[in-house]
Every structure is written in C-alpha cells, then in structure tokens.
1. Once you charge only the Cβ atoms, +1 for Lys and Arg and -1 for Asp and Glu, what is the size of the charge dipole of the protein assembly as shown about its Cα centre, to the nearest 20 debye?
2. Just reorder A:Thr71, B:Thr295 by solvent-accessible area, largest first, 1.4 Å probe, all chains present.
3. Return the ratio Rg/(2.2 N^0.38 Å) for the range B:10-102, where Rg is computed over Cα atoms only.
4. With Cβ to Cβ distances under 10 Å as the rule, what net charge do the other residues near A:Glu75 carry (K, R +1; D, E -1)?
5. Take chain B, connect every pair of alpha-carbon atoms lying under 10 Å apart with a spring to form a Gaussian network, then pick out the residue of B:Arg277, B:Arg62, B:Arg238 with the largest mean-square fluctuation.
6. Testing the spin-label approximation: label points 7 Å from Cα along Cα→Cβ at B:Val101 and A:His47. State their distance in nm.
7. Going by accessible area, probe 1.4 Å, with all protein chains left in place, what is the ranking of A:Lys13, C:Lys81, largest first?
8. If one takes the accessible area of chain A alone plus chain B alone and subtracts that of the pair, with a 1.4 Å probe, what total in Å², rounded to the nearest 100, results?
Amino acid sequence: MKVVVTCSIFPNKIVVNGKQLLSIPSNEADWKKWVYSSLNIEYPKFHKMDSLAKLAFLGISVLEQEIDFSTYKDEEVGLIFANKSSSYSSDNKHFINYTQKKMVSPSDFVYTLPNILTGEIAIFKKWYGENVFFIHKQFDIEFFIEQVEFLFNKGIKACLCGWIESNDKSEQASLFLIENVDGVLLKEEILKELIINKID
Amino acid sequence: MDTNLKNVYLSYGALVTPLGNTVEENFAALQEGKSGIKKYTNSGFTNENWPLAKIEQISENRFDTLLRASFIELNQKVPRTIINSSNTLVIISTTKANIDVFPNDTFESGIEILKNELGVVNEPIIVSNACISGVVAINLAADYIRSEKFKDVIVIGIDVISDFVVYGFQSLYAISEQAAKPFDKERTGITLGEGVAIVLLSSEKRNSEFSVKYLNGSSSNDANHISGPSRTGEGLVRSIQKTLVRSHINKDQIDFISAHGTGTIYNDEMESIAFDRLTLNSKPINSLKGYFGHTLGAAGVIETIVCLLSMEHNLIFKSLGYSSIGTSKILNLITDTSQTQVNIVLKTASGFGGGNASLILIKD
Amino acid sequence: MSELKEQLKAQIIEQLNLENLTPADIKNDMPLFGEELGLDSIDALEFIVLLEQNYGLKITNPSEGKDIFFSVDSLAAFIEKNKA
C-alpha cells in the first residue's frame, strides 16, 4: 500500500503533498469558481454542481495536474468518500425551496445525496469502478485504510479516498490516492497531517 | 485476488414495513400478494394525492420510532450476546436518515439510539450511497467478516417518508399516480415507501434449521449521468460481471434475480438492457417495489430478506403491478407466486449518482 | 418580443447555472437541447420551474415541454400565446 498523492482544498489555500500550491484571495466572493478559473479547466458542468460536487471536482482536477491517471484502466480506481454533514448545503437549499420559496427545483433535489459527488468524479474521469460514501463523525484515517484494504483484496489497483465537507461552518476537500503496490504506508499521524491540513 | 474466501452466513434480523412488523408477517402478506401502497390525500407539494407505502401506526418522529420498532423483533431473532458483543459491528444503510429534524444533524439520532437503547458496543458505520446503499452495506458487512475484524455484522436498512423526499421526486416527475408497476407497459414512475430491515451476517451459522451463505458482491458506476440511468446499462452489467467472477459462479447457475425495478420508464429500461446484455433474460425475475414501494436506503436490505424467504421456502414472489412487458428487452417476470427450487440468487440495485451494486447468495 | 427573448436568455442562464455563457451565446433559433449548450433531462425539468416561477405558466406533463423548450423562439412564442 502506497500513498501516491495527497491534496487538500480550503477556502484560503490548496495544499498538495503537504506543501502549499496556491493561496486563494480572501476577498473572492466565490472562491471555488476562482480556483476553477485558475486551474484552466474547461468543464461547464462545474457551474451546475452543488458545493460538495464542486469541491470534489476541484480536488480531482488538482490531482490530475500532479499525477497521470491514464495509467489506470476505467475500472481500476475505487472511490471511497466520507463526510460528517452529508449533503447539508444542498439539503438546506431544497428545504428552503419548498418551505420558503414555495417551489421545488429538480436539480437542487438531485444533489441532496452525498454520493452524487462520486458520480460526478466517475462521469468526469469515465471511471466505472467501485464507489462508496460514508457518513462519519470525523475524519478517521484508519477507517479509510480499512476500506482500501477491502477493495485491494478484491483486486482493485488504486483507491481515491476523500473527506469532503460543506456546511454552514466549513468547506474542505481532502483527497488522497492509495495504490495497491508494495510500499510502507506513512505513519498514521503524518498521513493525517498531510491529508487534513489545518487552516492557518 | 483471494480465491479461498471465508464463509459468511446470513440470517433474519427484523422487518418492519407497511405489510407487517415481523419477517413472518411480511412473508404472509407477500404470499397473499398484498400491497402496502395506498393513496394519501394532500401528500404532494401542490396537494396531489400520491400513493405511498406508509407505515400508518407511526404518527411522528418517523425515523427514530421506526428504528426502535425494529428492536422488538431483532431482540427475538438475534441473541443479546451477539447484539451487545464487542465482536459485532452495526452498519446502517440510509439515504436521508432522520430528515424530519433537519437542519439538525440528521444522522446523529440513529447512532445514539443504537448505542444507548440497544447497547451496541462499537461505533456504527453509516453507508449513504443513494438507492444502492443496502446492497453496498451488505457487501461491506461481508468484507468485515472475511477480514476477521468482526464475527457478526448487523446491517440495518432504513428510510422514512418525508415531504423533503416526496416533493423532490415530484419535481423530477418521477412519482406514479397509481401504485408503481415495475417493468410494466403502463408504468409511469415510482411509489415512495418506508421501512426498516435488519439482516445479520456472521462468520458462523446462527440458524441451525436454514442457512444461506453470502458469496460475493460489487459495485460499479455508470460514469454517465448523476440522475439519469445509463442507456446501455453499463454500470449494472459491469457490477454483475464482477460479482459473478468474484463468486465463482457461472450465470447459468442463477435460479432467480431480485431486480431493483423502480417503475420509472428509464430505470426499468436500463435494467432490461443490462440483463439482456448478460443473457439473463430467461431467469425468473421480480421487483418488490409494487409491495413495499421504493424504500431507498432500506430497499436493498428489505429485498435481501425477501431473497432469504424465497430460498428458505423455495417460493418466488410475483412481480406485483406487472402484467405485460414494457421494456425493449424481454425479461422473464414472475407473474404468479410459485414454488421452485431457489439455490442461488442474484440481487441487484441501481441509483442516483450512477451507482449500481449486486450480490449473490447461495443456499448452504 | 425581442425584449422577452433577452430576458429569457438571462433567466435560462440563471436557472440552469450556465455561468460559462452570456446571453449573446444563446441564439434565438438555436436548439437548446442540441450540442452547443449540453443541456440534459434535468434541465428540461428546470424549464418547467422557470416558466412557473417567472411567468406563472404551468406545464403538467414534461412531454409537452419538448416543443416548447426547443429554442428561445419557441419559448417566447409559448409565453406570448399563454399570457393572461
């Protein structure tokens, strides 16, 4: 098991493998859109995504600039994602729609499932692999590694793991790719530090 | 790849649906061909009278009440020594959990009830992967048993009816005005339902009279659209193929398929294409959505329990609501509940986010 | 009519989150569900919401929408025709 790359995105910075890649201006009204523009990607669907899916999309886009995903076949990457607040931001939007605005938007409703973000990654990368989404009280690196082991036992080549959160208080996307090759896994504390970088 | 997989046994935990409060009550209702679906006045966003499969005894706090209701049968079917063991894990499969209390943490109350009222020792795990959650949770439970991290895993599939979800599906024009008719020519959409189903996965046989083994399972994404089913059935085809390989089963050995079959035009069409591509057309197949409605995160677990009933009694249930084929590919839908040898079962699920999952069970 | 069409284009961009586009990118006769805009089945349902929210027009069956949502021209014609 080997950690190939880690990446964390916060409203003020992007950190890759523990080093700051980008600092995000604090006066940006829509910081995710700012990151999208600065990455020079052309993917209009981005604008239609909810905040959770946008965070996931930005995460995979940053990782793409770091490593070559084309070495994997379309079924070889498993997606293991988790967060605490599920699809809170979209739930809130849908809830306000029908309680206050007296309307219901189908596209807002569709995003009221957290696993939609893994669908967005799969669509973007044309990946047909295994997907799972968990609701967890907090980021737990051991739990992710357990899940990775399960998939590796079934012959999966790599797992893209992620903790993606979007609620009233915080937004964060922390992704890491683990390959099914020999290698010493970093100590859990170091790994945790690399993945869940604290906001300065 | 591990080819010598450890045994994983399944047994009944609990089943509370509009059709009954126990596995036995549900079994009796299924045999009679009863549906739990009824029309409810003003259940829609603009006061439509949508059909729903609602548990009428529950008046408020639906999620917590329903979860607690399942403990009565669970305590009868699963010994306390297993429920309260440190070698037992609980996995909850749910899409929206206690959405009634939104904007509070909707996933918290279930965990607290399990720990405080049922005395579950280990922190429960929550799988929230749309409509494939139940099958994914059972697959995960088997992974935990095979890794020897736990001796028993209790999988709880649960979701309740809420305005939140009903209005949402209504905005997608996905709700049928009549009870859902999966795979039928006249189908126009889903009927939402609610329920809780509990299945126990164990490293040892927990039921001496009747025993079913879990072989293997998988999931696969369509990589196509976040809410529209794939036009080619690609994800479902791939998931079933992976599950067959991992189970060391030839597709001809399958006796019966428990399909997802929601009753929407596009989902059922997608499933028919997938089964056709795998030349599984002639296998007896059903959807249980005409009995229970679509119970979202509970569906995979409810339907797996019904698979166990089919295996125990060699009885396959008619696909309620179906009368003539309405998909482009012909499937062998079960039109009469009938006796037949059921040794190997394929269970599938598909859902939003492009997810597809499957698993195979075998009679021991 | 042309004012209505310009207004519609802005509303389409807003309702469907087409932030990458400006009203000038949407031509009056351009098929909305053609290659250019990349709209899908959910967007078609969002058009129903748009018509109801902004013009008080109700479409009960999504299949009716097919011709109405064909282009900005057809949308504008539908609104004109059904205006109270």
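1. So the magnitude is around 920 debye.
2. Greatest to least solvent exposure: A:Thr71, B:Thr295.
3. Cα-based Rg divided by the globular estimate yields 1.29.
4. +1
5. B:Arg277
6. Result: 4.0 nm between the two label points.
7. C:Lys81, A:Lys13
8. In total, chains A and B hide about 4200 Å² from solvent.
The values are calculated or read from the model by the stated rules, or taken from the named source; none is laboratory data. Quantities reported herein were computed from a predicted structural model and do not represent experimental measurements. Neighbour counts run over all protein chains shown; Cβ positions are idealised from the backbone, glycine included. Just the protein is used for accessible areas: all its heavy atoms, side chains included, with ligands, DNA and RNA removed. Shrake-Rupley method; radii C 1.70, N 1.55, O 1.52, S 1.80 Å.
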